[in-house]
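Below: one structure, written as structure tokens.
All of the numbers you see were taken from the coordinates with simple rules; none came from a lab. Quick caveat, the model's predicted, so the values are computed rather than measured. Cβ placement follows ideal geometry from the backbone for every residue including glycine, while neighbour counts extend to all protein chains displayed.
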Amino acid sequence: MTTPILELTEVCVERGDNTVLNRVSLRVDAGEVVVLRGPNGSGKTTLLRVAAGLTAPIEGTVRYRGSDDAVTAQREMLWCGHKSGLKDELTARENVAWFQQLRQAAARDVDAALTRVQVQDCADRPVATLSAGQRRRTALARLLVADANLWLLDEPFTNLDDLSSSIVHECINTHVSQGGACVMAAHQLAVDAHSHYRAMDIGAAND
Amino acid sequence: MPLMTDRAAPSLAAAVRAVIHRELLLAMRRIGDLTTPLVFFAVICTLFPLALGPSRELLALVGPGVVWVAALLAQLLTASSIFRQDFEDGALELYILAGQPLAGLIAAKVIAYWVVTGLPLTVVSPLLAVTYQMPAAAVITLMASLALGTLILAFLGALGAALTLAARQGNALLSLLVVPLSLPVLIVGARAVALSSAQSDATAALKLLAAGALLSVVLAPLAVAPALRIAVD
């Protein structure tokens with residue numbers, strides 16, 4: 001059996017007196033796309049944050065390729081949260097280029113990434129002037145310039161029209177076909193349309 | 001595309017450069033935010049002579065203290081904003097998950113913040129010192145003490161900002177937290193300028209500030225990093 005890219009074992013998270021996650025386990029292998037589903041407040045985002053290392057579970061373990069070292073984990077994965085981390089005053093290109101420098105990914109082409117998510121025409125406009133969908137796609141372009149095995153995406157399809165969504169699906173498919181993996185929270189996504197996506201219902205696993 | 005291979009550890013130096021570059025670029029695009037503490041500093045320093053009257057002896061006596069108090073308040077004025085925007089727009093999560101020592105990135109960010117806040121205060125201070133009849137030697141001491149002192153204050157402010165980031169009413173808490181910590185900086189800084197004005201040797205005080213600056217650059221980020229991790233949790 002190969003080592004999974006990500007393995008969460010019996011993870012528990014509490015917020016005040018509420019148990020947000022109760023003994024949730026998740027295993028993600030290379031080439032897999034896991035879609036976390038569940039109603040609002042079911043803990044999809046929390047599970048992603050635990051996987052990213054932003055939230056520490058009170059119980060349970062998180063391992064990246066068998067290791068629990070945080071820095072290794074951070075180099076293995078890319079997080080694209082609900083809050084984009086884009087700076088309004090900077091252009092789309094500056095935002096993406098900065099992320100690439102921060103991650104020091106082997107020089108991937110920033111322009112190619114922007115073209116891939118179809119924001120090339122507004123790449124030199126400040127992000128503040130972009131539409132919600134364009135901003136979302138700019139945020140996702142960051143995934144393409146930094147190489148990491150695991151993508152953790154929180155509601156990546158918010159604000160995206162059908163065409164944009166299909167671009168994102170295409171990027172995810174390319175990524176997993178190259179040996180990557182992806183975990184995303186997407187409460188509206190019809191998993192049936194993407195036969196290789198594996199759905200995980202959080203509410204049910206969490207009872 | 002070589003996925004699934006062990007990546008060489010990326011260098012911190014390049015990430016630090018990226019952080020400083022971005023912070024300075026952002027400061028350029030928000031030039032208005034930058035001028036607020038500077039105007040505040042200049043206004044306080046020019047109001048005092050108007051209120052106290054034109055007595056040369058009196059102004060020379062209060063000058064070091066007034067300029068230093070004004071600089072301290074101007075520097076702390078913007079402290080709460082150091083991490084505020086990064087916290088709200090999600091950039092803080094990107095820093096935390098960058099795969100780099102967070103303290104190193106924070107040190108870079110705070111130094112960039114000092115370059116756009118404390119350094120301008122230092123640069124304009126000679127103009128204001130003229131009002132207080134400061135001799136040339138004291139002006140040089142003033143600039144040196146402000147450069148070092150505002151650097152310490154920037155890091156103290158960052159510490160307070162990180163600790164109060166997730167708190168409601170964080171601003172009031174921030175002042176309560178940081179002002180007491182900054183008192184030694186004020187005392188030593190103002191004393192250095194006063195000594196210099198009286199033609200005494202201020203080297204010891206400046207060395208003390210330099211030591212404080214070194215300590216805060218190295219140690220403060222180590223405390224800020226866990227505070228930020230808690231804030232985003």
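Comparing B:Leu94, B:Leu119, B:Leu148 in a Gaussian network model of chain B (Cα springs below 10 Å), the most mobile by mean-square fluctuation is B:Leu94.
Here segment A:1-82 is treated with +1 on each Lys and Arg Cβ and -1 on each Asp and Glu Cβ, and its dipole about the Cα centre works out to around 240 debye. Taking the square roots of 5 times each eigenvalue of the Cα gyration tensor of segment B:191-233, largest first, gives ellipsoid semi-axes of 36, 10, 4 Å.
With just the Cα atoms defining each centre, how far is segment A:128-207 from segment B:110-167? Give it in Å. Segment A:128-207 and segment B:110-167 have Cα centres separated by 46 Å. Between B:Ala172, B:Ala74, B:Ala144, the residue with the greatest mean-square fluctuation in the GNM of chain B (Cα pairs under 10 Å linked by springs) is B:Ala172. About its Cα centre, the protein assembly as shown has a charge dipole of approximately 940 debye under the convention of +1 per Lys or Arg Cβ and -1 per Asp or Glu Cβ, with nothing else charged. Annotation: lysines with alpha-carbon distance below 30 angstrom to B:Lys207 (same-chain offsets under eight excluded): B:Lys109. If R0 equals 45 Å, the separation of the Cβ atoms of A:Glu14 and A:Asp121 corresponds to a calculated FRET efficiency of about 0.45. Spin-label pair A:Ile58-A:Glu170: with each label point 7 Å from Cα along the Cα-Cβ axis, the two points sit 4.6 nm from one another.
Short-range pairs are left out: with C-alpha atoms under 8 Å and at least six residues apart, the relative contact order of chain A is 31 percent. If R0 equals 41 Å, the separation of the Cβ atoms of B:Leu34 and A:Ala112 corresponds to a calculated FRET efficiency of about 0.75.
If you wrap the tightest convex hull around every Cα atom of the protein assembly as shown and split its volume per residue, you get 148 Å³.
Under 20 Å of direct C-alpha separation, and excluding same-chain neighbours fewer than eight residues apart, A:Lys83 reaches these aspartates and glutamates: A:Glu94, A:Asp154, A:Glu155, A:Asp161, B:Glu23, B:Asp86, B:Glu88, B:Asp89, B:Glu93, B:Asp233. With contacts taken as Cα pairs under 8 Å at a separation of at least 6 residues, chain B carries a relative contact order of 26 percent. In summary, segment A:87-207 shows an alpha-carbon radius of gyration equal to 1.10 times the 2.2 N^0.38 Å reference for compact globular proteins.
The gain in end-to-end length when the B:Leu127 to B:Glu88 segment is fully stretched comes to 10.3 nm, 0.36 nm per residue minus the alpha carbon separation. Helix A:92-103 sits at what angle to the longest principal axis of chain A, using alpha carbons and giving 0 to 90 degrees rounded to 10? The two axes meet at around 50 degrees. With the gyration tensor restricted to C-alpha atoms of segment A:69-149, the semi-axes of the equivalent ellipsoid amount to 22, 13, 10 Å, longest first. Result for chain A in a Gaussian network model with C-alpha springs under 10 Å: among A:Ala181, A:Ala52, A:Ala190, the largest mean-square fluctuation is at A:Ala190. Dividing the summed -39500 (n - 2.57) terms of all DSSP H runs of n ≥ 4 by the residue count of chain B sets its mean residue ellipticity at 222 nm at -27500 deg cm²/dmol. Between helix B:136-164 and chain B there is an angle of about 40 degrees, using the helix long axis and the longest principal axis of the Cα atoms. Normalised by the number of residues in segment B:92-208, the average gap of Cα pairs under 8 Å and 6 or more apart makes the relative contact order 26 percent.
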